[in-house]
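Participant: Quick one: the structure is below, and I'll ask about it shortly.
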Amino acid sequence: MKTVIETIKDSVFTITLNRPDKKNAMSSELLIDLYQSLTNAENSKASIVIIRGSGKTFCAGGDIFEFRESKETGTLLNKMATDLHNSIKKIREIDAIVIAVVEGAAVGAGLGLALACDITVAEQNAVMNLAYRRIGLTTDGGGSFFLPRIGGAKLFSELYLLSRNITMKEAQEIGLVNFVYPQEELENRLAQLVDTLQKLPMETIHYFKRLVNASCYHGLEEHLDLERLYISELGGKNLFKDRVESFFKKG
């Protein structure tokens, strides 16, 4: 089964994370496929790119089962963070409006992926959670870059240190998502949003994204490198293995 599914229609390129049995957790394979799909979207010259998850879940973060099975978790996390960060940078660089559609949950790296997008649409019962501290890791995927810039340092500290769920009502209030809809309205509302965006001049998007990047996201690449360094360093310690085992025991 493909870990990422691509469809394109009317200049809308849809990327669907496709590991529904794992709540679309990011495996090594999925991360490679995600970057390839974003590259394909860029090459297609699509005006809008939609990123979503199958099985009515956006993304549960990194694949903790793969972490558990790895004998070299530090090396694994270094490679996975590198692949994920290539996708984060591609989202910010691509000359298309990138929309995240969050259903179910956006956890850990899944939250970072949603925050990197230009617009986030969410189903009203979805939740977000940074989650990393639950297994003794710092963030990757730009979580510690985007979230403080959107919500402020105090909020980031709270959400990382307490590892609590964020409801979509709160997420909209603090600017993590743009639009929140009931499940039964989500697809129609998404289609309406896409239609509205496509009726406006698209030649401005290249410049718009570069202005946003210069204003809000200057230094992203260097920060992602720091996230990758820290998460791989922590992931290489025996304590991380212990925390992963504890996570499974609690489950």
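Participant: Filter Lys56/Lys249; Lys89/Lys169; Lys71/Lys169; Lys169/Lys249 down to the pairs with a C-alpha to C-alpha distance above 30 Å, please.
Facilitator: As for pairs spanning more than 30 Å Cα to Cα, those are Lys71/Lys169; Lys169/Lys249.
Participant: Kindly provide the pair-distance distribution of the range 14-54 built from C-alpha pairs, with 5 Å bins from 0 and whole-percent values in order of increasing distance.
Facilitator: The calculated distribution, bin by bin, is 6, 23, 30, 22, 12, 5, 1.
Participant: Tally Lys and Arg at +1 and Asp and Glu at -1 over the other residues with C-beta under 14 Å from the C-beta of Ile5: what net charge comes out? Please report the intermediate quantities before stating the final value.
Facilitator: Values: positive: Lys2, Lys9, Arg19, Arg52; negative: Glu6, Glu29, Asp33.
With Lys, Arg at +1 and Asp, Glu at -1, the net is +1.
Participant: Please provide three numbers in whole Å: the alpha-carbon extents of the range 68-113 along the principal axes, with the largest listed first.
Facilitator: On the principal axes, the range 68-113 reaches 39, 27, 11 Å in Cα extent.
Participant: Further question on the same structure: Only bridges with both residues in the range 95-251 count here: give the DSSP antiparallel percent, nearest 5.
Facilitator: Taking every DSSP beta bridge with both residues in the range 95-251, the antiparallel ones total about 15 percent.
Participant: Would you work out if the range 49-89 is rounded, prolate or oblate? Take a ≥ b ≥ c from the square roots of the eigenvalues of the alpha-carbon gyration tensor; rounded if a/c is under 1.5, else prolate when a/b is larger than b/c, oblate otherwise.
Facilitator: oblate
Participant: Could you work out the local net charge near Gly55, counting Lys and Arg as +1, Asp and Glu as -1, over the other residues with Cβ closer than 9 Å to its Cβ?
Facilitator: Net of charged neighbours comes to +1.
Participant: Please compute one quarter of the surface area of the Cα convex hull for the range 1-90 and express it in square nanometres. Please list the in-between numbers first.
Facilitator: Working: hull surface 23.4 nm².
About 5.8 nm², averaged over all directions.
Participant: So for the range 185-228, Kirkwood radius off the Cα pairs, Stokes-Einstein at 20 °C and 1.002 mPa s: how many µm² s⁻¹?
Facilitator: The calculation lands on 165 µm²/s.
Participant: If you bin the C-alpha pair distances of the chain every 10 Å from 0, what whole percents do you get?
Facilitator: Answer for the chain: a P(r) of 7, 33, 39, 17, 3, 0 percent.
Participant: Tell me the Kirkwood radius of the range 148-194: reciprocal of the mean inverse pair distance over distinct alpha-carbon atoms, in Å.
Facilitator: 12.2 Å
Participant: Oh, and also: Mean residue ellipticity at 222 nm from the helices of the chain, using -39,500 (n - 2.57) per DSSP H segment of n ≥ 4 over the full residue count, to the nearest 500 deg cm²/dmol?
Facilitator: -17000 deg cm²/dmol
Participant: Could you give P(r) for the range 144-251, binned at 10 Å from zero, as whole percent values over all Cα-Cα pairs?
Facilitator: 11, 24, 33, 23, 8, 1
Participant: Using only alpha carbons, build the gyration tensor for the range 53-131 and give me the equivalent ellipsoid semi-axes, biggest first, whole Å.
Facilitator: Semi-axes (√(5λ), whole Å): 23, 17, 8.
Participant: Provide Val127, Val4 in ascending order of the number of other Cβ atoms located within 10 Å of each residue's Cβ, fewest first.
Facilitator: Val127, Val4
Participant: Here is a further query. For the range 84-197, compute Rh as the Kirkwood radius over C-alpha pairs and then the Stokes-Einstein diffusion coefficient at 37 °C and 0.692 mPa s; write the answer in µm²/s, rounded to an integer.
Facilitator: Answer, rounded: 229 µm²/s.
Participant: For Leu186, Leu229, what ranking results if the residue with the fewest other Cβ atoms within 10 Å of its Cβ goes first?
Facilitator: Leu229, Leu186
Participant: Still on this structure, I have one more. Which of Asp63, Asp118, Asp21 has the fewest other C-beta atoms within 10 Å, and how do the rest follow up to the most?
Facilitator: Asp21, Asp118, Asp63
Participant: Using unit Cβ charges (K, R positive; D, E negative) and no other charged atoms, how large, in debye to the nearest 20, is the dipole of the chain about its Cα centre?
Facilitator: On the way: 30 positive and 32 negative charges, 112 e Å.
With Lys and Arg at +1 and Asp and Glu at -1, about 540 debye.
All of the numbers you see were taken from the coordinates with simple rules; none came from a lab. Since the model is a prediction, treat every value here as computed from it, not as a measurement. Cβ atoms come from the backbone with ideal geometry, glycine included; neighbour counts cover every protein chain shown.
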